[in-house]
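*Asks:* Here's a structure for you.
The values are calculated or read from the model by the stated rules, or taken from the named source; none is laboratory data. Computed from a predicted structure; not experimentally measured. In this analysis, Cβ positions are derived from the backbone assuming ideal geometry, glycine residues included, and neighbour counts consider all displayed protein chains. Accessible surface is based on the protein model in full, side chains and every heavy atom, while ligands, DNA and RNA are left aside. Shrake-Rupley method; radii C 1.70, N 1.55, O 1.52, S 1.80 Å.
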6 protein chains.
Amino acid sequence: MTDLLAERLGTVPTTTAKEALGNLGIRMVVLSGLNRLTGDAVPLVGRARTLRYLPFREDVEGPASGRLNRQFIETLQPGEVLVIDALGYPDAAVMGDMLSARAAYLGVKGAVVDGRIRDLAGFGPLGLTVYARGVHPDPSSRLLMPWQFDVPIQCGGALVQPGDWMLGDADAVMVVPGHLAGQVADRGEEAAVRDEFSQKLLHAGYALDRAFPIPEEMQEAFERYRATGHLPESLDG
Amino acid sequence: MTDLLAERLGTVPTTTAKEALGNLGIRMVVLSGLNRLTGDAVPLVGRARTLRYLPFREDVEGPASGRLNRQFIETLQPGEVLVIDALGYPDAAVMGDMLSARAAYLGVKGAVVDGRIRDLAGFGPLGLTVYARGVHPDPSSRLLMPWQFDVPIQCGGALVQPGDWMLGDADAVMVVPGHLAGQVADRGEEAAVRDEFSQKLLHAGYALDRAFPIPEEMQEAFERYRATGHLPESLDG
Amino acid sequence: MTDLLAERLGTVPTTTAKEALGNLGIRMVVLSGLNRLTGDAVPLVGRARTLRYLPFREDVEGPASGRLNRQFIETLQPGEVLVIDALGYPDAAVMGDMLSARAAYLGVKGAVVDGRIRDLAGFGPLGLTVYARGVHPDPSSRLLMPWQFDVPIQCGGALVQPGDWMLGDADAVMVVPGHLAGQVADRGEEAAVRDEFSQKLLHAGYALDRAFPIPEEMQEAFERYRATGHLPESLDG
Amino acid sequence: MTDLLAERLGTVPTTTAKEALGNLGIRMVVLSGLNRLTGDAVPLVGRARTLRYLPFREDVEGPASGRLNRQFIETLQPGEVLVIDALGYPDAAVMGDMLSARAAYLGVKGAVVDGRIRDLAGFGPLGLTVYARGVHPDPSSRLLMPWQFDVPIQCGGALVQPGDWMLGDADAVMVVPGHLAGQVADRGEEAAVRDEFSQKLLHAGYALDRAFPIPEEMQEAFERYRATGHLPESLDG
Amino acid sequence: MTDLLAERLGTVPTTTAKEALGNLGIRMVVLSGLNRLTGDAVPLVGRARTLRYLPFREDVEGPASGRLNRQFIETLQPGEVLVIDALGYPDAAVMGDMLSARAAYLGVKGAVVDGRIRDLAGFGPLGLTVYARGVHPDPSSRLLMPWQFDVPIQCGGALVQPGDWMLGDADAVMVVPGHLAGQVADRGEEAAVRDEFSQKLLHAGYALDRAFPIPEEMQEAFERYRATGHLPESLDG
Amino acid sequence: MTDLLAERLGTVPTTTAKEALGNLGIRMVVLSGLNRLTGDAVPLVGRARTLRYLPFREDVEGPASGRLNRQFIETLQPGEVLVIDALGYPDAAVMGDMLSARAAYLGVKGAVVDGRIRDLAGFGPLGLTVYARGVHPDPSSRLLMPWQFDVPIQCGGALVQPGDWMLGDADAVMVVPGHLAGQVADRGEEAAVRDEFSQKLLHAGYALDRAFPIPEEMQEAFERYRATGHLPESLDG
């Protein structure tokens, strides 16, 4: 069922998902400052698995002696997305080609990193879609400590909780609260057919106000299009 | 005639146009901080049609109840370029796939946006060349108000007036004052043949000072090249 | 009457004014990125007089041959505040000691500049309160053109209209829409006595939840305080 | 004993404390990006009490219905310093004059806020020393949620744990790991007398290499100075 | 003679010096990004003594084993100003209270540092005026190497050569080419009396255009003022 | 021999080179803030040839009347990499299609520019790999002066000396000290086979801790793999 939901969500543009959530009163869901570094071909969609870093300090031995990120990676399940709060740290990477190879083997869809990654060239063949602040060749083990996983975190300025969905495309990467994902998928399907209809009208030369959003006067034509796939005769004929 | 001028200007690199204007005493014409987000294949060239936004405020109903941008779009003509001062606003987009589809239908060449756009994936098929500060999935209707169009505006820190030409390539996007466009095109043609000659010399192993700018000693060879397309024998032979 | 309103508004902290406007549904009123450069002693309060700059371009002669700012200064009235959109320009100043001396002579209270000023040392004796992005020793006449005055502008990312009130203190500088200034002043007076009461309770050792916001259980004591100036006996005695 | 340690630490400049910790192998202790906004007169010194915020999201009700910060404030003890990770959030404040009045009543020394504060004018009379990113007139209740207290947090890019000491002066605000505070105080006293001796030599005209760090040749004179307070005769006489 | 020139230059505001140099065709003389951190009371004026840093690298032993800055300090002469290119480095300081105490003893007027300083509190009593990017508690010995002194350097984006004059006030810190300092001082004296006259007119209620710049019609009155110190009777009487 | 070393270094990822140098105690070797603008297909590797710019000032005639960069270009040798300190200057380019065409003719591999380039479209056919801060259509001749070449410089915040190797890929561009290049190449070959083995294990489903870094228990299998190219039977069979 999660697979089906993933598939449905994966067809929803972030613009539509954002609007759908806005209609439900949920607005603070866009992650800022992250770029899609690899995996342009497909939208990112999957359940969030969260990992939180804290700054390293020489007198503090972190959980699992600084290897908590490895323990975390081993728990990943197919279809999940890593979401990492690395504090936006600019001078080191928290994910490279070994962790990503293991994650990919386990069926992970991608990663959203408020920080940097490395071995970028090695990500391509893995099929992962990765959003991050950038790249850096250094590991982070003496600069950041993996501190907790499967807890609520900030990422790109938004709250991400375990169980939320992550959604990413060319416009943005965002979080879809777990319990609202179904509604967003529904809304996405509705919006998709509406947008498709509007686009067809525009390509046929309709003015904006007659095409988008679908005005009262075009409502009947739209219902017919939805039912039959046929455009108004004047366009089709 | 505008079409011919567009065609001629479209062959002029921004570096050359900038230099040509500099020789005419005009220097403040480069737009800063904008990136080419779509339409890499072709240079952007066209007449500027300007749109100015102001910050939204809840107690102020903007012109046309906030729909002035739609009225503006409907007035666009083939070969024009939208130039939008959206105040560099980072957290919302002023142009998406519906407005851009309509603009493309009307024959617009592209857009230069001091702000953000959305539905980036939808721009590709439209054939528009778009420069902007970036992408954001949100619309801007509660953050920015379309205020005026066809007035002088700032865009990327430069003044753009209706009737100016916009010119964009991989190096920059810039404004060419309307009354100087012809001179810039002339200069571009002159520079193109000079640069071509210099490049041929460089590829043939000439030192910089013997190849660019064309020194006195090569002037005769250059004139012959311009007239006949033949390089000096020593290169050609 | 404006003088009385100015006096009343001048006692309202920006935090309170912001909250009062928020209660009226108006939120986009804080100017960002500006610092108080001179005039720390008194809050800034006065009617906005707006001036808009555009980027200079060598082939464009601006209104009044680039001296529109001088024409504007001469129209200023006592109690007003200059609000200038200088596009946040970093490399030149739009206001120095001559313009500010004239403005001060005309009774202006201060200036809010989305850009830079110069002759900072000369501002002190004039008694003006000035918010700006910083200082720069250069004039802006070959970089920016004064374009219009007494029109709606952006300043610090907020919309300012002629007739709005400007309000500034150590926390912020903000706009108070003209028609709401009376309500903000009313709310300020109400909030002032409430905050004063809460502060007295806190200084007497009340826990936060018993002091601010004034809880149900303290409502009667507050009403007595408002009427008589006396605190609850347990505090006063 | 904590009071005595506080008093001793309070005489140690951050430069000296940083060097002392560096000698112990601890380097990642300086908080970056924070400014001293109030309380210039005295150094900040006290035990860290930590509070962590996460981004607000409309579908998530935070701990204590978003009032965890108030519960936290009520637990503060004399001599402590609030250390708040507000994610560096630029557009709202997490601490104003009510919370700070309560904190001051409870004997708190100051606050270190990776975020913004408001009601700045109200902080002065409270005697608190506050480091933060800046001011903003808005509260943060719809933008940030207080999430946890008395847990390890990041602040200004450094790790702060409950029980650590905070130390702040004109150069920096930093963390001193709790178990090393005594050694830092010891080193501070040693360094203070050394630096005082070096400064006296410099003011008497000694060259840098003869004054700081104290060279072999001046070691005996320094020991005498430490024991007796007398400088070498050549300086004193 | 240098002393006299220093005294004369010290009365010239940077705005005037900048304009005077501009009239001589010299424009790239303002240092950007530096703040006056100490010594607000007096303008900075003195001959530039330059020091250049390069990034530290563990396999490179810099000149004088990394102590070239100390050798440099010992060569300073009364009335000079240290000008340091520390590459704008944000995470360490290149000047603290020991070097500054020695520099002050040697009669130096101040420092202009494209980088950071430390021990800020210790600078005050020394009477130095210091411009820098900010403060940091760490020394820079493992991050930057003093590389050369008394060579042309960049500082704040401007070229500074040994022998140039440095001039700083509340508006800016700038370089005055050595051979032009006399002309700048001359122009400063001329401008001072003109500006004083304009200010007196403005304070007497003259409109901007009648007061600044001094218009044709006021030229005679100005000449009288310059000769006698008397304002026009209409103002004076 | 340099050619062989170049070939060997060219197979080493920057992550590996960085780690290898770190093991030798050399850490400050990554250049920050530069992007690969052209030449994605191949790693950059070659000997550094350095060029240093200083800010232009109208009264200073630079070396070779501002044409030192051209003299420098003419000295380039096959296999070298230009490394230019253009002070990160944002508003002009220090390298265009003429200089790059000459450099390419002379056999240069690429360029690393702490500044901007222009004529980006012209770089593609030349086969150069170029890292820079960005593009700008203007030349820099009135903003920056070529000052020295073949001297130690800063570039991207790191020290680069003539004779050092430059190494660039998708993760970073970095400097490899000349005398350590052989060791880095050795280490790269060792790391390559180790990483290859680890990747094969990961792709075969080994957990991270059993695959990378190669644990004790896999050491024998690794040695066999290195000798024979065969994986453990359990994987291979």
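*Asks:* Suppose we filter the stretch E:214-237 for residues that are open to solvent by less than 40 Å² (accessible area, probe 1.4 Å) and aliphatic (A, V, I, L, M); how many remain?
*Replies:* Counting residues in the stretch E:214-237 that are open to solvent by less than 40 Å² (accessible area, probe 1.4 Å) and aliphatic (A, V, I, L, M) gives 4.
*Asks:* Return yes or no: is residue C:174 within 13 Å of residue C:112 (Cβ to Cβ) and away from chain E (no Cβ under 14 Å)?
*Replies:* When the stated conditions are applied, residue C:174 passes them.
*Asks:* Within the stretch A:122-170, which residues are open to solvent by less than 40 Å² (accessible area, probe 1.4 Å), part of a loop (DSSP other than H, G, I, E, B) and within 13 Å of chain F (Cβ to nearest Cβ)?
*Replies:* Answer for the stretch A:122-170, where residues must be open to solvent by less than 40 Å² (accessible area, probe 1.4 Å), part of a loop (DSSP other than H, G, I, E, B) and within 13 Å of chain F (Cβ to nearest Cβ): A:136, A:137, A:138, A:140.
*Asks:* If you check every pair at least six apart or on different chains, which have Cβ atoms under 7 Å apart with a residue in the stretch C:109-127 that is under 19 Å from residue C:155 (Cα atoms) first and a residue that is of a type in the set (Asp, Glu) second?
*Replies:* Correct list of pairs: C:109/C:80; C:114/C:85; C:118/E:171.
*Asks:* State which residue pairs qualify: first residue in contact (Cβ under 8 Å) with a residue 40 or more places away in the chain and inside the stretch D:85-98, second residue open to solvent by 40 Å² or more (accessible area, probe 1.4 Å) and among the hydroxyl-bearing types (Ser, Thr, Tyr) in any location, beta carbons under 9 Å apart, and separation of 6 or more residues or different chains.
*Replies:* Matching pairs, first to second residue: D:90/C:32; D:91/C:32; D:92/D:141.
*Asks:* I need a count of the residues in the stretch E:196-208 that are open to solvent by 40 Å² or more (accessible area, probe 1.4 Å) and either closer than 22 Å to residue E:26 by Cα or among the small types (Gly, Ala, Ser) (or both).
*Replies:* The total comes to 1.
*Asks:* Something else about it: Within the stretch D:42-67, track down each residue that is open to solvent by 20 Å² or more (accessible area, probe 1.4 Å), in contact (Cβ under 8 Å) with a residue 12 or more places away in the chain and either among the small types (Gly, Ala, Ser) or within 12 Å of residue D:150 (Cα to Cα) (or both).
*Replies:* Scanning the stretch D:42-67 gives D:47, D:49, D:64, D:66.
*Asks:* Against the condition aliphatic (A, V, I, L, M), surrounded by fewer than 18 Cβ atoms within 10 Å (Cβ to Cβ), within 10 Å of chain C (Cβ to nearest Cβ) and closer than 24 Å to residue C:126 by Cβ, how does residue E:211 come out, does it pass?
*Replies:* no
*Asks:* Residue C:53 fails exactly one of the following numbered conditions: (1) more than 19 Å from the chain's Cα centre (by Cα); (2) hydroxyl-bearing (Ser, Thr, Tyr); (3) within 14 Å of chain E (Cβ to nearest Cβ). What is the number of that condition?
*Replies:* (3)
*Asks:* Could you please find all residues in the stretch C:3-41 being at the interface with chain D (Cβ under 10 Å from one of its Cβ atoms), open to solvent by less than 50 Å² (accessible area, probe 1.4 Å) and under 11 Å from the mean Cα position of the chain (by Cα)?
*Replies:* C:14, C:17, C:29, C:30, listed by residue number.
*Asks:* Same structure, new question: Search the stretch C:107-121 for residues being open to solvent by 10 Å² or more (accessible area, probe 1.4 Å) and outside any loop (DSSP other than H, G, I, E, B), and hand back the single one that is farthest from the other protein chains (Cβ to nearest Cβ).
*Replies:* It comes out as C:116.
*Asks:* Name every residue in the stretch A:71-83 that is open to solvent by less than 50 Å² (accessible area, probe 1.4 Å) and either within 14 Å of chain D (Cβ to nearest Cβ) or without any contact (Cβ under 8 Å) to a residue 60 or more places away in the chain (or both), in order of residue number.
*Replies:* Residues satisfying the conditions are A:73, A:76, A:80, A:82, A:83.
Okay, residues lined up against (1) outside any helix (DSSP H, G or I); (2) more than 13 Å from chain A (Cβ to nearest Cβ):
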{"site": "F:179", "(1), (2)": "no, yes"}
{"site": "F:183", "(1), (2)": "no, yes"}
{"site": "F:186", "(1), (2)": "no, yes"}
{"site": "F:192", "(1), (2)": "no, no"}
{"site": "F:196", "(1), (2)": "no, no"}
{"site": "F:201", "(1), (2)": "no, no"}
{"site": "F:219", "(1), (2)": "no, yes"}
{"site": "F:230", "(1), (2)": "yes, yes"}
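*Asks:* Ok, one more. Filter the stretch D:190-204 down to the residues that are under 17 Å from residue D:230 (Cβ atoms), in contact (Cβ under 8 Å) with a residue 24 or more places away in the chain and in contact with a helix residue (DSSP H, G or I) (Cβ under 6 Å, 6 or more places away or on another chain) and list them by number.
*Replies:* If the condition is that a residue be under 17 Å from residue D:230 (Cβ atoms), in contact (Cβ under 8 Å) with a residue 24 or more places away in the chain and in contact with a helix residue (DSSP H, G or I) (Cβ under 6 Å, 6 or more places away or on another chain), then D:193, D:197, D:201, D:204 are the ones that fit.
*Asks:* To continue, here is another question. Which is closer than 30 Å to residue E:85 by Cα, within 14 Å of chain B (Cβ to nearest Cβ) and of a type in the set (Asp, Glu), of F:59, F:91, F:97?
*Replies:* Of the residues listed, the single one that is closer than 30 Å to residue E:85 by Cα, within 14 Å of chain B (Cβ to nearest Cβ) and of a type in the set (Asp, Glu) is F:91.
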